[in-house]
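One structure is given below, encoded as structure tokens.
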Amino acid sequence: LVAGDHQINPRKLVPALIEALDRDPGFRLIRQRVTAVLRDGGDTGAVTGVTLDDGTDLHATTTLLCPGVSLAGIGNLPEADCVRLRPVHGDILRARLRPGQPPLLERTVRGMVDGRPVYLVPRTDGEIVIGATEREDGFDGVVLEGAYQLLRDAQTLVPGAADLELTEILARARPGTPDDLPYIGRLDGVDGLVVSTGYSRHGILLAPLGGHLAAGLVLGTDITTEDAAILAATDPRRTSPHTSGATV
Ligand SMILES: Cc1cc2nc3c(=O)[nH]c(=O)nc-3n(C[C@H](O)[C@H](O)[C@H](O)COP(=O)(O)OP(=O)(O)OC[C@H]3O[C@@H](n4cnc5c(N)ncnc54)[C@H](O)[C@@H]3O)c2cc1C
């Protein structure tokens with residue numbers, strides 16, 4: 001029992017952040033995909049902006065890319081191949097109390113069932129999120145075994161879960177790195193670009209820290225000793241095969 005334990009609903013967090021940006025007159029929100037980065041002198045120089053889905057070019061002194069697991073899908077950036085990201089899929093169930101059913105949980109319950117981790121997270125609106133498996137087969141859909149495992153283990157941990165209404169089953173990819181630390185910083189030999197990705201299982205928890213550090217790099221603000229230590233640990237060049245002294 002952790003007295004101060006709390007949780008964030010990512011399905012509310014992300015729209016709230018987008019709305020906050022949208023309302024700020026200092027920002028211009030563009031709802032398009034980035035297809036490629038622009039490079040000085042063709043395809044090897046400093047990054048000078050991005051090309052959007054509709055062919056529009058956006059120019060910038062520094063570009064920040066945070067595309068989760070899809071960094072290698074952004075064109076004109078062969079250096080992204082040195083960043084070792086892999087999809088770590090997780091199946092997740094959503095359930096809710098049936099009408100008239102008394103509350104089941106007051107706080108997050110985590111446990112191990114036959115060595116497998118499982119958690120149940122009660123949301124304030126009565127929804128209960130049950131997760132989360134881990135697999136590295138590259139498959140985007142829900143695998144029956146994963147769903148079965150979660151249903152079985154959640155009921156073992158909290159028998160009353162058997163009475164919930166099952167509302168959703170889905171699978172998503174976590175952007176995994178070799179050492180499970182994020183990649184926040186510059187790519188080998190690429191000026192004008194900062195990347196922020198590889199948050200693995202902790203991207204919601206680490207979002208404020210990741211945002212703070214990436215903004216510091218983009219804006220060139222003074223970096224504290226503590227931030228410098230984190231940036232050293234999360235430097236994308238640590239896993240590059242071309243960087244001498246690569247440790248992973
Ligand atoms: C089942 C499961 C359970 C999890 N549980 C937790 C948890 O309990 N706590 C926690 O902290 N974290 C958890 N995570 C991890 C967390 O979801 C990730 O670490 C986090 O989402 C990573 O954030 P991100 O913004 O870096 O990447 P993403 O969330 O993947 O976001 C990247 C965004 O960039 C967009 N994008 C990609 N390419 C382009 C492009 N070319 N142009 C424009 N946009 C692009 C994508 O559409 C996407 O919206 C969980 C993940 C899974 C799958």
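Extension gain for His59-Asp180 works out to 40.3 nm (0.36 nm per residue, less the C-alpha to C-alpha distance). Heavy-atom accessible surface of region 87-175, averaged per residue, reaches 55 Å², computed with a 1.4 Å probe. Helix 10-23 axis versus longest C-alpha principal axis of the chain: approximately 40°, rounded to the nearest ten. When the Gaussian network model of the chain links Cα atoms closer than 10 Å, the mean-square fluctuations of Gly198, Gly131, Gly41 top out at Gly41.
Under a Gaussian network description of the chain, with springs only between Cα atoms under 10 Å, the residue in Leu104, Leu181, Leu219 that fluctuates furthest is Leu219.
Take every Cα pair under 8 Å whose residues are at least 6 apart in sequence, average their separation, divide by the length of the chain, and the relative contact order is 20 percent.
The mean sequence distance of close C-alpha pairs (under 8 Å, at least 6 residues apart), as a share of the length of region 87-175, puts its relative contact order at 47 percent.
For region 87-175, what does the alpha-carbon gyration tensor say about shape, rounded, prolate or oblate, given a ≥ b ≥ c as the root eigenvalues, a/c under 1.5 as rounded, and a/b over b/c as prolate?
Here region 87-175 falls in the prolate category.
I want to make sure I understand the PRE zone here: with the label point 7 angstrom from the Cα of Gln32 toward its beta carbon, which residues in region 56-71 have backbone N atoms less than 16 Å away? Within reach of a label on Gln32: 56-60.
How many percent of the accessible area of the chain is carbon or sulfur, using a 1.4 Å probe? Walk me through the intermediate numbers first.
On the way: 8010 of 14390 Å².
The C+S portion of the solvent-accessible surface of the chain is 56 percent.
Loop-located trypsin sites (Lys or Arg not before Pro) in region 5-36 (DSSP state other than H, G, I, E, B) with a sparse environment of at most 10 neighbouring Cβ atoms within 10 Å: Arg28, Arg31. A simple spin-label model places the labels of Ala232 and His212 1.9 nm from each other, with each point 7 Å out along Cα-to-Cβ. Counted residue by residue at 0.36 nm each, then reduced by the alpha carbon distance between them, the extension gain from Arg107 to Gln7 reaches 35.1 nm. Loop-located GluC sites (Glu not before Pro) across region 95-138 with a Cβ neighbour count of 10 or fewer within 10 Å are Glu106, with loop assigned by DSSP.
The values are calculated or read from the model by the stated rules, or taken from the named source; none is laboratory data. Here the structure is a predicted model, which means the values were calculated and not measured. Backbone-built Cβ (ideal geometry, glycine too); neighbour counts: all protein chains shown. Side chains included, ligands, DNA and RNA excluded: accessible areas come from the protein's heavy atoms. Shrake-Rupley method; radii C 1.70, N 1.55, O 1.52, S 1.80 Å.
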